[in-house]
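Below is one structure; the comments refer to it alone.
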Amino acid sequence: MSKISRRDFLKAASLVSLTAGVSSISTQALSFEARQNSNLPNVIILVFDAMTARNLSVYGYHRKTTPNFERFAERANVYHAHQSAGNFTTPGTASLLTGMYPWTHRALNISGLIKRDLVDRNLFRLFGKEYQRLAYSQNLYPNHFFNQFSPEIDLVLPSASFSTVSELMVDHFPGDKEASSRALDEFLFGDGDPPASLIFGLAERLVFRRRVFAVKDDDYPNGLPRTAQYPIYFKLNNVIDGIIATITKFNSPFLAYFHVFSPHAPYRPTREFIDRFDDNWKPVRKPDHRFGEHITNGLLWARRKNYDEYVANADAEFGRLIDSLEAQGILDNSYLVLTSDHGESFERGQDSHLTPLLYEPLINIPLLISVPGRRIRSDILSPTNSVDVLPTLLHLTGREVPEWCEGRVLPGLGGKEDPDRSIFTVEAKSNPSFSSLKKATVAMRKGAYKLIYYEGYESENTFELYDLEKDPEEMIDFYNVDTAIASHLRDELKARLDDANRGYRS
């Protein structure tokens, strides 16, 4: 029986540190029980944070943002109407890893957790000890789930792995990651204004930023990329190098989940990609939404250009990743899932994804899945959802799909297209996690139709209805025009919401 020892892994980590200038990796004790079995395929899940399908040339976007995604698509199933179950990291990632909608798993809030009695319903547990199971996320929010799933994951890499400069308090308390993360990194030392502690928070900030300013790199004129409010600065090429080095150390079969922070804001591409799309193009002008941030179109278009540059940078690094995996023969026996946790918005006065809005740029995300040995492209146009990834991977690896799973096996990979199927996206970050949903936005996609329901944001609950085949930009709300279609979809959505609320206090 072949195993990876702690010494072997730490040795590999030290090599990555020497060659890529990354931080040393502290890991939990390894207890791999997986056998080397070449008959079972590997599974690699690669999540690019905040990547909307609407800005990717692989899906027809006019700017050439993703030539390497397009190259990868020639050997993959490409899902064109794939939607996230949430519009920010916590619900979107939880649904991807559990196959359940947010109103079921209840990871609704910014740094929420999966409902305790549902924690066993996760991808790592379902794959079992036959697989070596690895999880890594630069975004700290999925780490709350990894802590919940810890008995089922053989190795969780710290978020600061492969970073250039970092100072996470959680790394100093490996025995109590959840408490230290929430009390220190999210609260006491969070990058708020002002910090929670004017003494310790301000001192930590001054010391850390002095370290950051000491890093000189002309390849990043706008500064090093960072993970939003957390003290992690990195170079994307180092992160990809670290992922490559990690993958190559595993024996088959393995399940590896990698969550890369790019192209999430702040958008800081390398010099090569800055001004690549200086083309004076203007997207469709859309009306300001009452729930948006009321940012001017000029500023939104400038931000969109910067975002597109960062997407192109991420795509280039992805190209290096697949080249390396192909050269080493890893793709010959691996399913590679390329996706995102949610999209991004540069329209209707809304910049970013922390919003009640659920328009397509916020929830239409990429999904490309390569199949071992296949060299042809297959395009699937029927609507799918992030809850479908878990049952699909179980099916592909010969595992039973549990009855509680709310997703379905994807068309093209063993599932069937169903024109009558409804899929859902739920936004409820302002609602208590374990009470009836009284302040939420729910989007339901059924065929070409998309119904959006706003509950609890105004004195009267409101709906919007769009035909995405005829009106992909969601410019024509016909909820009050075709009352027959509207009432049918409204009744279905409200019935599903009532079912989800059953058993929770009002």
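Numbers below:
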| quantity | calculated |
| --- | --- |
| Under the Debye formula (equal points on every Cα, no solvent term), log10 I(q)/I(0) of segment 89-173 at q = 0.18, 0.22, 0.26 Å⁻¹ | -0.77, -1.07, -1.31 |
| Loop-located chymotrypsin sites (Phe, Trp or Tyr not before Pro) in segment 44-105, at most 16 other Cβ atoms within 10 Å (DSSP) | Tyr61 |
| Over 25 Å (Cα to Cα) - which of Lys129/Lys249; Lys416/Lys450; Lys115/Lys446 fall in this group | Lys115/Lys446 |
| Spherically averaged projected area of segment 401-483 from its Cα convex hull (nm²) | 7.9 |
| Reference-scaled alpha-carbon Rg (2.2 N^0.38 Å with N residues) for segment 222-312 | 1.42 |
| Sites Ser430 and Arg285 - FRET efficiency at Förster radius 25 Å, r taken between beta-carbons, to 0.05 | 0.30 |
| Rg [Å, one decimal], Dmax [Å, integer] - segment 272-330, C-alpha atoms | 16.9, 52 |
| Mean-position separation - Cα centroids, segment 469-503 and segment 60-85, in angstrom | 28 |
| Alpha-carbon centroid distance for the pair segment 326-353 / segment 285-314, whole angstrom | 19 |
| Over segment 361-506, equivalent-ellipsoid semi-axes from the Cα gyration tensor in Å | 30, 21, 13 |
| Inter-centroid distance (Cα atoms) of segment 89-154 relative to segment 250-282, Å | 23 |
| Net charge over other residues, Cβ less than 14 angstrom from the Cβ of Leu362 (K, R count +1; D, E count -1) | -4 |
| Rounded FRET efficiency, nearest 0.05, which uses the C-beta distance separating Ala214 from Ile376 and R0 of 51 Å | 0.55 |
| Among 278-289, 371-382, the order from most to least packed when residues are scored by Cβ within 10 Å on average | 371-382, 278-289 |
| Flagged links, alpha-carbon separation over 28 Å, of Lys470/Lys494; Lys282/Lys439; Lys282/Lys438 | Lys282/Lys439; Lys282/Lys438 |
| 29 Å Cα-Cα reach of Lys216 towards lysines, excluding residues that sit fewer than 8 places from it in its own chain | Lys11, Lys235, Lys305 |
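Computed from the coordinates by the stated procedures, all read-outs in this text should not be read as laboratory data. What you are looking at is a predicted structure, and each value in this text was computed from that prediction instead of being measured. Note: ideal-geometry Cβ built from the backbone for every residue, glycine included; neighbour counts use all protein chains shown.
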